[in-house]
1. Using a Cα distance threshold of under 30 Å, what count of lysine pairs results for the chain when pairs must be 8 or more residues apart or interchain?
2. Please give the length that would be gained between Ser47 and Val184 if that part of the chain were fully extended, namely 0.36 nm times their separation in residues minus their C-alpha to C-alpha distance (nm, one decimal).
3. What is the distance, in nm, between label points placed 7 Å from the Cα along the Cα-to-Cβ direction at Phe115 and at Ala235?
4. Beyond 32 Å, how much of the Cα-Cα pair distribution for the chain remains, as a whole percent?
5. For the pair Asp175/Ser95, report the inter-label distance in nm, with labels modelled 7 Å from Cα in the Cβ direction.
6. Where in the stretch 116-133 does the amide nitrogen come within less than 13 Å of the point 7 Å from the Cα of Thr107, taken along Cα to Cβ?
7. Give the Rg (one decimal place) followed by the Dmax (whole number) of the stretch 145-260, computed from C-alpha coordinates and expressed in Å.
8. If you roll a 1.4 Å probe over the stretch 109-265 with all protein chains in place, what percent of the accessible area is carbon or sulfur?
Amino acid sequence: MRLSAPSLPPRLRRQPRKPGASPQPAPLDQVKEGAVSAVDWVDERTSLTGAARWVMFRKVPRGTNWFYTLGSASMFAFLSQAVTGVFLAMYYDPSVTHAYESARYITNEVFLGEFVRGMHKWGSTVMVVLVFLHMARTFFFGAYKYPRELNWLVGVVLVILTMVMSLTGYLLPFDQRSYWATIVAVNITGTGPVVGPYLADLMRGGAEFGATTLSRFYAIHMLLVPGAIAAMLGAHLYLVAKLGTTAPPWVKPHHSESAVFEERV
Ligand code: HEM
């Protein structure tokens, strides 16, 4: 039995050529047409553009300003860390005998190694600074209040995860500074009430600081925490898209909602 092909919706059907038009479309038009057809093909099967429209085209409060870019800036800092981290992981060896040498090799021998390592190192500082500035912005603009309390809590988890990233990454070059700084950090953790000693043992991977500590820090740094940040970020952005952003505190609410919001699409 032969199955006939389903007919295409009108927008996907080839349009008749206009009289006088050149026989072949210009190469650039062909590329554009191809791209549009590809997007339409995916959209027809997934309806993804509806979701993209829901996330991107929205009303924003009057008075929205540059401080509102700090969240996206934190997100791009995280993405940059993820990309540069993947390249570093291609050469880094998390063993006590080779860690220092592999980090030195990346800086001195690998093509653009010093640049990528520098981006990752300075990027970590940039991310911490941006996350704290973003947190300060949401606090001073009162964005932690109803109905965004849950997003604030998700943010608190994100800031803790960002600090864990910094701490675990600091040990990885395994030079004198990173070694002793991490011992100090683990010892301070051990002085914490009730859970402190257990947490310190968990970080060291036993009573002594050694090979297990390094591989444990590496696994936490490049698998566990980035995965957790990605998941929490998904929840964070979903809540931002669902609830919208808060108007700056100096913008007085009007009676009609349409006066408070302006369309920015
Ligand atoms: C990896 C760290 C983080 C990333 C990538 C991130 C990303 C974002 C983005 C893109 C937005 C929307 C744009 C904006 O308002 O800036 C946002 C909003 C928000 N974030 Fe974060 N965020 C992070 C950490 C935090 C932290 C630490 C807190 C607070 C503890 C927080 C609390 C909030 C709140 C309450 C909003 C809603 C703002 C509003 O309604 O005006 N976020 N975040």
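The values are calculated or read from the model by the stated rules, or taken from the named source; none is laboratory data. This is a predicted model, so every value here is computed, not measured. We place every Cβ from the backbone using ideal geometry, glycine too, and count neighbours over all the protein chains shown. Ligands, DNA and RNA are stripped out before the accessible areas are found, and what is left, the full protein with its side chains, is counted by its heavy atoms. Shrake-Rupley method; radii C 1.70, N 1.55, O 1.52, S 1.80 Å.
1. Within the chain, the lysine pair count is 8.
2. Values: separation 137, 0.36 × 137 = 49.32 nm, distance 5.25 nm.
Taking 0.36 nm per residue and subtracting the Cα distance, the gain is 44.1 nm.
3. Using points 7 Å along Cα→Cβ, the separation is 3.8 nm.
4. 48
5. Modelled inter-label distance: 2.3 nm.
6. Under 13 Å, as judged by backbone N against the label point of Thr107, lie 116-119, 121-122 of the stretch 116-133.
7. Just the Cα atoms of the stretch 145-260 yield Rg and Dmax of 20.0, 64 Å.
8. Working: 6890 of 9640 Å².
In the stretch 109-265, the share of accessible area belonging to carbon and sulfur is 71 percent.
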